[in-house]
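Asks: If you scroll down you'll find the structure; I have some questions about it.
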Amino acid sequence: MSNRIAPKLLAEFIGTFALIFIGAGAGAVVGDGVGLPGLIAIAFAHGLTVMAFAFAYGSVSGGHFNPSVTVGVLAAGAMSAGEAVGYIVSQLIGGVAGALLLKTVLGGAATGLGMPALAHNLALGATTLTVTPWAGFVIEAVLAFFLVTVVLSTAVAGRAGSLAPLAIGMTLTLNIIMGGALTGAAFNPARALGPMVATGNFSDAWLYLSAPIVGAIVAAILHTGLVRLAHEGMAAAAARTPAE
């Protein structure tokens, strides 16, 4: 491991470890059936953690802390395949380590360790809702699409300057407020895999591991297309400008 990549991998490990320990930990402590206030608390636990560590490590690794974000950045051509593989391995290890420590300090896996799950008989207005695996896949993919779009448009494109971590953290928070009661709103394979390994429960693992990757790739394709169209528009405008 070169001296150049080692700090990046360590930063991704620590940031992902913190996200699972604090975010999933908040889910375990607050628990289910607590209504909107509890959901908001869990959402901000995730969002503020990502924001804080993105501020801390953004200049080191970019502050991905999410394999789907790394895949999106790779698909957008903003990092190499080898570096992306290193990031993803560090993130998955960090997620599992965070969940295992959470299991230790909480005295076991009885709390569920904040593991995401599809809603069953969720009361919504005058009806109840059970989220099917297909609907859950779509929700997780769309939430990942939103997150990766914001990452590419702010941190990667440099449009938000030093405020990129704030935009990313708030996107995470808003995503969880919307999807938390429906799927657990992981939209992060490391966030889902950590508690799964720690609890030994791999229900719907295919969904939580693949849907965010699909959403990330779609976000990267659209981002790349929009950038190309913007550059072509600028070039056409420059060609129409009379030379002095």
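The values are calculated or read from the model by the stated rules, or taken from the named source; none is laboratory data. Because the structure is predicted, anything quoted here is derived from the model rather than measured. As a convention, Cβ positions derive from the backbone with ideal geometry for all residues, glycine included, and neighbour counts pool all protein chains shown. What goes into the accessible areas is simple: the full protein's heavy atoms, side chains included, and nothing from ligands, DNA or RNA. Shrake-Rupley method; radii C 1.70, N 1.55, O 1.52, S 1.80 Å.
Asks: Accessible area per residue of the chain at 1.4 Å probe, in Å²?
Replies: Dividing the accessible area of the chain by its residue count gives 47 Å².
Asks: With the radius of gyration and the Kirkwood radius both derived from the Cα set of the range 64-160, what is their ratio Rg to Rh?
Replies: Rounded to two decimals, Rg/Rh equals 1.07.
Asks: Same structure, new question: Along the principal axes of its C-alpha atoms, what lengths does the range 170-227 span, in descending order and rounded to whole Å?
Replies: 43, 22, 15
Asks: Give the whole-number value, in cubic angstrom per residue, of the convex hull volume spanned by the C-alpha atoms of the chain.
Replies: On the way: hull volume 36.1 nm³, N = 244.
Output value, Cα hull per residue: 148 Å³.
Asks: In the chain, what percent of the accessible surface is made up of carbon and sulfur (1.4 Å probe, ligands and nucleic acids excluded)? Numbers along the way, then the final one.
Replies: Working: 8000 of 11350 Å².
C and S atoms contribute 70 percent here.
Asks: So what is the 222 nm mean residue ellipticity for the chain from helices alone, if each DSSP H run of at least 4 adds -39500 (n - 2.57) and you divide by all residues, rounding to the nearest 500 deg cm²/dmol?
Replies: Computed mean residue ellipticity for the chain: -23000 deg cm²/dmol.
Asks: Once each part is reduced to its C-alpha centroid, what is the distance from the range 100-146 to the range 1-63 in angstrom?
Replies: 18 Å
Asks: Now for a different question. Each label point is 7 Å from the Cα along the Cα-to-Cβ direction; what then is the distance between the points at Ser210 and Thr132, in nm?
Replies: Reported label-point gap for Ser210 and Thr132 is 1.6 nm.
Asks: Calculate the FRET efficiency for Leu36 and Arg4 from the Cβ-Cβ distance with a Förster distance of 45 Å, rounded to the nearest 0.05.
Replies: Efficiency, from the Cβ-Cβ distance: 0.50.
Asks: Can you tell me the Rg and the Dmax, both Å, for the Cα atoms in the range 1-145?
Replies: 16.9, 58
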